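**Q** Please find one structure pasted underneath; my questions will follow.
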Amino acid sequence: MLSLATLNTAATAREFAALLDGVYEHSPWIAEAAWARRPLASLAALKHALATVVREAPVEAQLGLIRAHPELAGKAMVSSRLTTESTGEQNRAGLTDCSPEEFDTLQRLNAAYNGKFGFPFILAVRGPRSIGLSRREIIETFTRRLDNTPAFERAECLRQIHRIAEIRLNDKFGVVPLQGRQAWDCAELLARHSDVHGEGGDAVLTVTYLTDAHQACQVQLLRWMQDCGFDETRVDAVGNVVGIYHGSDTHAPRLLTGSHYDTVRNAGPYDGRLGIFVPLIAVRELHLAGRRLKHGIELVAFAEEEGQRYAATFLGSSALTGSFTPAWLDQVDADGIGLREAMRAARLPATIEAIAAEQRDPTRYLGFVEVHIEQGPVLNELDLPLGIVTSINGSRRFVGEVIGTASHAGTTPMDRRHDAALAVAELALVVERAARREPDRVGTVGMLNVPNGSINVVPGRCQFSLDLRAPTDAARDALADEVTGALQRIADARGLRWRLTETMRASAAPSAPAWQARWEAAVQSLGLPLHRLPSGAGHDAMKLHDVMPQAMLFVRGGNSGISHNPLESVTDDDAQLAFDAFRQLLEGLA
Ligand code: HGY
Ligand code: MN
Ligand code: MN
């Protein structure tokens, strides 16, 4: 087995590269350049050093690296001219057992991809879990990526090459990201529960508050907490799943951690949930070792963060901070089912008293930490597995409707219309322009709907949503004022009426310095450089921020960090590093 000691003592760059032979296909220049970055503190540091050499190399060298790779199931495989590593990887993915149709499809895709981009399609066929992608997944990914831009594909091919190198390095070092795989597998298992399933029975992952799928997740999480050795486990009055692992000092304040298990519609399996699995597995490791840290650990799987079924965002964490809004209980979902009724059907008390009793006494806690996928491209572009969150953007959400006059699309002259949809379209462009004007401000019209619309009727009504965010509350509110002012102006100019309801307002939440420092120390202990970044996404941590110190750790996402999308992806190695950082943070508390 290769070791860091051996690598760090390599006398020359050539010797160093020889030790890493085969990691980057036919490209020793990468390892030779990384030699200068010794001593390498960890395997993660070595991987990052190699990736940094490539990221900082000229485009021509990057293209040369991509072109040094064989096509998938291509001519090189057919004529057995693949390297040992590629042969093994393509065999393991079953690319040597293609059906004639699959083989033809791959040849066609190879030709189209090469023709469009001028380099071969690269995919780490052993996949994010290192167990290998199926031929169906490979062909689906190949087909999807054919539609990307050349710049995106060059970056994605390099990312895939680093993933191939990572898995090859793990093999050379005899390293298995065990806890990372456990977290990955938990995500796969929990994702089987969904409100929605596609034709083929595949889950179109959607788990909204208190549906059958949501309750199945609750049962699964409770069982996992029990199996992992938590001393106390329960489902609380709003459906949060709570596990407490006692510390050696039962009077010492506890660490609070966790994230949400509800999802948006057609979601990915890691948003929120990774922040439940990492602490879950960390407690399992403590339990298996018979260890007690001084401070207890309270893990909360929050039942409702996304505000999908009811406009009650952060409902789960609000119960803990005493900011549950009683009026939420009177809300009705799209099917006319009230929140109070849904709670009762889920065998929850559905009373203000029971919910109020969930409020935590902040003095009983050290603080709140949350592990979460970045849900953006930054860590991906820096080839960094982990990032330190400096602040969570403040946000405001609205639902609204413009009311005009439905009329005949054929007979109503253009200057006589009261078209509600055009007003919302105009407003959406105002949102885009206003948000673009300031850094780190974002504005989204995520829902836009003409109720009972018809192809030949001028829209008389148009419903819409607004999601406005900024690094500070002042910037957030300035954006909201500009947008609502524009709505009035647009409606007046078009002779329309409108209504707008604010459904959520969350303050910007800067990380507590002492807790941000704990995450930084943990990440540095893994031999990784620190990258600090704000969170554009909202998280339960911004609710806990109201009552106790909090800080978050971000984990790189695959597919350029896409999220709120089934393409959301995390590797077992990155999940492992998140686990390692969390464990380091725990050890630092002791
Ligand atoms: O929308 C958000 O920021 C988060 O996913 N709830
Ligand atoms: Mn989300
Ligand atoms: Mn989330």
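**Q** Could you pull out every whole DSSP H run in the chain that spans at least 20 Å of Cα extent along its own axis and averages -0.5 or higher on the Kyte-Doolittle scale? List each step's numbers first, then the result.
**A** Values: long enough: 100-117 (25 Å, -0.92); 150-173 (34 Å, -0.55); 212-227 (22 Å, -0.61); 274-288 (21 Å, 1.60); 420-436 (24 Å, 1.21); 473-494 (31 Å, -0.30); 572-589 (26 Å, -0.18).
The qualifying helices are 274-288, 420-436, 473-494, 572-589.
**Q** Something else about it: Taking amide hydrogens as modeled 1.01 Å from N in the peptide plane, which residues meet the under 5 Å criterion relative to Gly338, leaving out close sequence neighbours?
**A** Amide H neighbours of Gly338: Asp333.
**Q** Pairs of Cα atoms under 8 Å, at least six residues apart: use those to get the relative contact order of the chain, whole percent. Don't jump to the answer; show the numbers that get you there.
**A** Values: 1165 pairs, mean separation 91.9, N = 590.
Result for the chain is 16 percent.
**Q** Consider just the alpha-carbon atoms of the chain and return their Rg together with their Dmax, both in angstrom.
**A** Radius of gyration, then largest Cα-Cα span, for the chain: 26.0, 84 Å.
**Q** Follow-up question, since we're still on this one. State, as an integer percentage, the relative contact order of the stretch 4-173 based on alpha-carbon contacts under 8 Å between residues 6 or more apart.
**A** Working: 163 pairs, mean separation 37.7, N = 170.
Relative contact order of the stretch 4-173: 22 percent.
**Q** When the accessible area of the chain is computed with all protein chains present and a 1.4 Å probe, what percentage of it is carbon and sulfur?
**A** On the way: 12730 of 24090 Å².
Within the chain, the accessible surface is 53 percent carbon and sulfur.
**Q** At a Cα cut-off below 18 Å, give the aspartates and glutamates reachable from Lys294, other chains included and same-chain residues fewer than 8 away excluded.
**A** Of all the aspartates and glutamates, those that pass the test against Lys294 - Cα under 18 Å, at least 8 places apart if same chain - are Asp231, Glu232, Asp249, Glu285, Glu587.
**Q** Sort 567-579, 249-261 by the packing proxy (mean of other Cβ within 10 Å over each peptide's residues), most packed first.
**A** Working: 567-579: 25.1, 249-261: 20.8.
Put in order of decreasing packing, that is 567-579, 249-261.
**Q** With an 8 Å Cα cut-off and a minimum separation of 6 or more residues, compute the relative contact order for the stretch 394-507 in percent.
**A** Working: 232 pairs, mean separation 51.6, N = 114.
45 percent.
**Q** With every protein chain kept in place and ligands, DNA and RNA left out, what is the accessible area per residue of the chain? Probe 1.4 Å, answer in Å².
**A** Numbers: 24090 Å² over 590 residues.
It amounts to 41 Å² per residue over the chain.
**Q** Right, something else. Placing +1 at every Lys and Arg Cβ and -1 at every Asp and Glu Cβ, with all other atoms neutral, what dipole size does the stretch 382-486 have around its Cα centre, in debye to the nearest 20?
**A** Details: 11 positive and 13 negative charges, 42 e Å.
Here the stretch 382-486 has a charge dipole of around 200 debye.
**Q** A further question on this structure: Along the stretch 410-419, what does the Karplus equation 6.51 cos²θ - 1.76 cosθ + 1.60 (θ = phi - 60°) give for ³J(HN,Hα), rounded to whole Hz, x for Gly and Pro?
**A** Rounded to whole hertz, the list is x, 9, 8, x, 4, 8, 10, 9, 10, 8.
**Q** Calculate the length of the line joining the C-alpha centroid of the stretch 329-351 to that of the stretch 475-527, in whole Å.
**A** Each part reduced to its Cα centre gives a spacing of 28 Å.
**Q** Please name which of Val23, Ala11, Gly115 has its Cα lying farthest along the dipole of the stretch 4-173 towards the positive end, using unit charges on Cβ (Lys, Arg +1; Asp, Glu -1) and the Cα centre as origin.
**A** Checking the options against the dipole of the stretch 4-173, the answer is Ala11.
**Q** Taking the Cα centre of the chain as origin, sum charge times position over the Cβ atoms of Lys and Arg (+1) and Asp and Glu (-1), and report the length of that vector in debye to the nearest 20. Show your work: numbers first, answer last.
**A** Working: 60 positive and 72 negative charges, 120 e Å.
That gives the chain a dipole magnitude of about 580 debye.
**Q** Ok, one more. Rg and Dmax of the stretch 327-427 over Cα atoms: what are they, in angstrom?
**A** Reported Rg and Dmax, both Å: 23.7, 69.
**Q** Going by amide H atoms built from the backbone, whose H comes under 5 Å of the H on Val371, apart from near neighbours?
**A** Gly258, Leu553
**Q** Using only Cα atoms, locate the centre of the stretch 388-455 and the centre of the stretch 1-24, then give the distance between them in Å, rounded to an integer.
**A** Taking the Cα centre of each part, the stretch 388-455 and the stretch 1-24 sit 57 Å apart.
**Q** Which aspartates and glutamates, if any, have their Cα less than 20 Å from the Cα of Lys172, not counting same-chain residues under 8 positions apart?
**A** Cα-Cα hits under 20 Å: Glu15, Asp21, Glu25, Glu32, Glu85, Glu89, Asp572, Asp573, Asp574.
**Q** Here is a follow-up. Looking at the square roots a ≥ b ≥ c of the eigenvalues of the Cα gyration tensor of the stretch 394-507, which shape do they give, rounded for a/c under 1.5, prolate if a/b is larger than b/c, or oblate?
**A** Working: a/c = 2.67, a/b = 2.24, b/c = 1.19.
Judged from the Cα gyration tensor, the stretch 394-507 comes out prolate (a/c at least 1.5, a/b above b/c).
**Q** Taking the Cα centre of the stretch 4-173 as origin, sum charge times position over the Cβ atoms of Lys and Arg (+1) and Asp and Glu (-1), and report the length of that vector in debye to the nearest 20. Display every interim value, and only then the final one.
**A** On the way: 22 positive and 20 negative charges, 61 e Å.
Its charge dipole is roughly 300 debye.
The values are calculated or read from the model by the stated rules, or taken from the named source; none is laboratory data. Please read all numbers here as calculations on a predicted model, not as lab measurements. In this analysis, Cβ positions are derived from the backbone assuming ideal geometry, glycine residues included, and neighbour counts consider all displayed protein chains. SASA here: full protein model, heavy atoms, side chains in, ligands and nucleic acids out. Shrake-Rupley method; radii C 1.70, N 1.55, O 1.52, S 1.80 Å.
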